[in-house]
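Below you'll find the structure, written out as structure tokens, and then a few comments.
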Amino acid sequence: MSQNVNEYLRIIERTRLLRNTSDELGKLVGFSVGSGNGLARMGGKSPFLKDAIFRELAHLVEEDYELNLQQVLDTYFEADLFIEKYGAFLKQKSVPYSLVRYFYDDADRTDDISMIVDKMEGRHVPIIILMILGALPRISSKGGDVKDIENSYKKAFKFLRETVCTNTPFKVLPALIQMEDAQRCDPSVMNRIHLIYSFNIVLNTYGSLSTRMRLVQTNKELEDTIVFPDIEGLWVEDDVSTVFWKYEIIANGYKLRRYLLNEERKELRYTEFFMKFYDSPDYSWAAILHPKSIEFLLSGKPTPNQYISYVAFDLTDDQLTFEPLLEEGRWFSVRKLKRSKHANYLEKILSNDRYEKINECKEYDYEFVILLSAITNYHVYIDAPNGRYYKVPKKLNECLESITINDDAGIIQFENKTYLAFDTCNLYYDVSTPQKLADLGIEIVDSITTKE
């Protein structure tokens with residue numbers, strides 16, 4: 001339901017949508033905005049001037065948040081009408097949680113929302129929830145300036161941590177950490193349009209990971225953005241350091257080893273990480289997995305955020321720079337690497353048997369080999385030893401129905417156990433014993449059967 005420009009300007013001012021106070025809004029538009037001199041009065045009776053004011057505000061919102069201001073205001077207006085009409089059905093404390101499960105988690109409708117979900121659209125849900133939580137005002141509100149925006153964020157954070165921090169591969173959703181980081185590191189960003197923007201991103205991110213099938217689709221979309229920059233070889237933070245790094249390309253990303261050289265002891269200590277690089281429209285970024293993350297992946301438990309680091313990266317003139325995207329995961333502390341001028345010397349050290357190589361995280365050492373051999377109507381075949389095949393029934397998990405020959409699937413060896421790994425699906429099966437194979441319905445066969 002589109003409003004006229006006057007109504008849009010009134011909603012912006014009354015809800016303090018773009019700035020927390022009238023003074024701040026006045027500074028933004030260059031006019032005093034106060035009693036008797038509201039935003040909707042600017043431009044007088046000239047439709048052209050009013051349109052120009054709104055267009056400038058819309059341009060600012062698009063630049064800062066990549067949001068369409070008119071769509072936000074229409075959604076806010078419609079959500080407000082919904083609450084006015086169906087407020088009696090929104091009083092149970094469970095309603096916001098049930099709305100998230102229904103709209104973002106493919107859950108069945110529950111009794112507390114059964115009378116209302118057919119009357120709203122998904123785009124209304126974030127604003128309706130924020131209104132129910134008391135983090136956003138009704139349009140008719142006469143509360144005036146925002147006196148405690150921090151409390152609105154706290155209500156949103158509490159709700160999100162109680163809902164979206166479940167049923168995903170992460171202990172805490174990275175998008176939620178990013179939202180909290182922005183508020184903590186720069187309180188000046190806090191206002192109601194930013195709250196709507198951030199809340200919506202977190203819910204949409206959760207929705208992309210909340211079920212196995214959604215996770216698979218998200219992973220497949222990410223796979224399309226994977227890049228393999230020209231970084232193989234040896235890198236250093238500075239030329240005189242005893243620390244150096246080595247990138248080795250593998251089928252699904254890079255092994256990255258950090259070496260610490262002790263010349264006196266003839267000792268090389270190292271830690272091995274796994275790293276993937278992505279090139280998105282907004283920025284180039286990478287994910288670095290700590291060695292300990294393998295334990296959580298194979299056990300099916302959410303990986304704690306401190307074992308995954310997300311960084312923006314730039315490769316220019318043989319210099320590789322990193323900028324953390326999240327406060328958590330800062331264990332990957334290197335910020336700039338450059339190609340070593342002494343690569344030949346360092347390679348000789350690496351190949352010299354006189355230097356003892358000590359793996360600092362030996363207990364988390366694993367090997368992943370992509371061995372996807374064939375896909376038939378009902379089975380997926382993974383190469384097994386001695387020229388045989390693991391015959392995996394697709395009915396084992398619905399996600400296996402969407403497996404393609406380009407997906408990362410194979411075998412992981414860890415702690416003297418063998419796992420079949422369907423990495424794109426986040427599925428890992430222990431097949432170390434005949435009993436485990438039998439329990440899963442997986443066979444080891446001599447040949448691939450295409451006619452089933």
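Laid out as a table, the results:
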| item | result |
| --- | --- |
| Given (1) under 26 Å from the mean Cα position of the chain (by Cα); (2) in the same structural domain as Asn416 (by TED's automatic domain parsing); (3) surrounded by fewer than 15 Cβ atoms within 10 Å (Cβ to Cβ), number of the condition Asn386 does not satisfy | (1) |
| Residue within the range 72-91 that is under 22 Å from the mean Cα position of the chain (by Cα), crowded, with 16+ Cβ neighbours inside 10 Å and among the hydrophobic types (A, V, I, L, M, F, W, C) present | no |
| Residue check, Lys301 in a strand (DSSP E or B) and charged (D, E, K, R) | no |
| Filter result (within 19 Å of Asp314 (Cα to Cα) and touching a His at 6+ places or on another chain (Cβ under 9 Å)) within the range 211-243 | Leu234, Val236 |
| Residue within the range 417-424 that is in a strand (DSSP E or B), of a type in the set (A, V, I, L, M) and closer than 20 Å to Lys301 by Cα present | yes |
| Any pair with Cβ under 8 angstrom, 6 or more apart, that starts in the range 362-374 at a residue that is within 15 Å of Ser293 (Cβ to Cβ) and ends at one that is of a type outside the set (Gly, Ala, Ser) and assigned to a helix (DSSP H, G or I) | Tyr364/Ile294; Tyr364/Glu295; Tyr366/Ile294; Phe368/Asp423 |
| Candidate set from the range 128-145 (those that are modelled with pLDDT of 90 or more and assigned to a loop (DSSP other than H, G, I, E, B)); member that is surrounded by the most Cβ atoms within 10 Å (Cβ to Cβ) | Leu136 |
| Asn377 surrounded by 13 or more Cβ atoms within 10 Å (Cβ to Cβ) and out of contact with any strand residue (DSSP E or B) (no Cβ under 9 Å at 6 or more places or on another chain) | no |
| Strands (runs of 3 or more DSSP E) (entirely within the range 204-291) containing at least 1 residues that are touching a strand residue (DSSP E or B) at 6+ places or on another chain (Cβ under 8 Å), farther than 19 Å from Tyr307 by Cβ and basic (Lys, Arg) | 243-250, 267-279 |
| Some residue of the range 429-439 being under 27 Å from the mean Cα position of the chain (by Cα) and in contact (Cβ under 8 Å) with a residue 12 or more places away in the chain | yes |
| Yes/no for Ser309 being modelled with pLDDT under 95, in a loop (DSSP other than H, G, I, E, B) and polar (S, T, N, Q) | no |
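The values are calculated or read from the model by the stated rules, or taken from the named source; none is laboratory data. In this text the structure is predicted, and so the values were computed from the model without any measurement. Using ideal geometry, Cβ is built from the backbone for each residue, glycine included, and neighbour counts are taken over all protein chains shown.
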